[in-house]
């Protein structure tokens, strides 16, 4: 029996499988099995008011889960699926309320990873799959990250190596008068605008999320993280690690430095973000000093993750 066959059998029996996508590793369960989905929330310690993304293998499987696909949605699918774009659409009655946090909408995407697609096809199930880590913590981009975070609470981990994109999917709602960006991610705002024109960008704290990743505090390491402003300097007398795009010439001020991309490449920076945060978090530092990257392309997603990581509650 192959690993895919074994993992698919676990899904069919109501179990949990962690699997790689191009963005981050997901914790997958049969999206149409409420008991399996409930276990996802339990293992992640995720509040049930935070909806899940459902991963499907293709448009045909997606169509079963929604009331209709608007023409704009089909245009986006043609350009970005498989890929890191999640679309929020009006859900079909068959989708359990637990998956959508009782919202009338469902978030769908087709992942761009051969193991993810093979698992969905072999199991014959759509997969409700948030990131495979404890809720609110740094997302996993390797199988080792999953095991370190969730241990033996997952029935099986499919190892597909490091994730290529490294930040979660972009979430775009098509349920209003115009497309609304709910979460920046692996598809940039500029790429969306090139296809659909005007895109409204959701902003401000969200009490009741319409999609994952909208809570004010998220993606946070255990070590306190500060997203520094242009005039700020790190506090004296603390072991501080630096997280920045290209590093720093003044390395003597820091106990450790993580450069996301020495070339200043935002795609490379996004792919390295969560692994770099984890490495700094493992050093027993007093503080992680993060510098924002340019607010363009994938830089919006990187800065979004850093902002939410800096707002971790006490």
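Summary table
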item: Identified option (computed Rg/Rh (Cα atoms, Kirkwood Rh); candidates (1) 0.94; (2) 0.97; (3) 1.14); result: (2)
item: Burial ranking of peptide ranges 238-247, 187-196, 99-108 (average Cβ count within 10 Å, highest at the top); result: 99-108, 238-247, 187-196
item: Separation of alpha-carbon centers, the range 245-314 and the range 90-139, rounded to whole Å; result: 28
item: Cα-projected label distance for residue 153 with residue 12, points at 7 Å along beta-carbon direction, nm; result: 2.8
item: Nearest-0.05 FRET efficiency for residue 190 and residue 262, computed from C-beta distance (R0 25 Å); result: 0.55
item: Label-point gap, in nm, between residue 42 and residue 231 - each point 7 angstrom along Cα→Cβ; result: 5.3
item: Rounded to 10°, Cα long-axis angle of helix 3-12 versus longest principal axis of the chain; result: 70
item: Cubic angstrom per residue, convex hull over Cα atoms of the range 5-88; result: 116
item: FRET efficiency, residue 59 to residue 311 (Cβ-Cβ, R0 35 Å, nearest 0.05); result: 0.45
item: With Cα atoms, 0 to 90° folded angle of helix 114-123 axis to the chain main axis; result: 30
item: Computed label-point distance, nm, for sites residue 175 and residue 3 using a 7 Å Cα→Cβ extension; result: 3.6
item: Net length gained if the chain between residue 202 and residue 102 were fully extended (0.36 nm per residue, minus Cα distance); result: 33.9 nm
item: Cα centroid separation, the range 1-30 to the range 156-173 (Å); result: 14
item: 21 Å tail of the calculated P(r), the range 44-184, as % of Cα pairs; result: 43
item: Relative contact order (%) - the range 77-152, alpha-carbon pairs under 8 angstrom, separation at least six; result: 24
item: Rounded to 10°, Cα long-axis angle of helix 266-281 versus longest principal axis of the chain; result: 70
item: Projected area averaged over orientations for the range 159-314, convex hull of C-alpha atoms, nm²; result: 11.0
item: Relative contact order of the chain, pairs being alpha-carbon contacts under 8 Å that are 6 or more residues apart, as %; result: 20
item: Segments 114-125, 261-272 sorted - mean Cβ within 10 Å per residue, highest first; result: 114-125, 261-272
item: Computed lengthening from residue 92 to residue 216, 0.36 nm per intervening residue step minus Cα-Cα distance; result: 41.7 nm
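All of the numbers you see were taken from the coordinates with simple rules; none came from a lab. No experiment lies behind these values; they were computed from the predicted model shown. Neighbour counts are summed over all protein chains in view; Cβ atoms, including those assigned to glycine, are modelled from backbone coordinates with ideal geometry.
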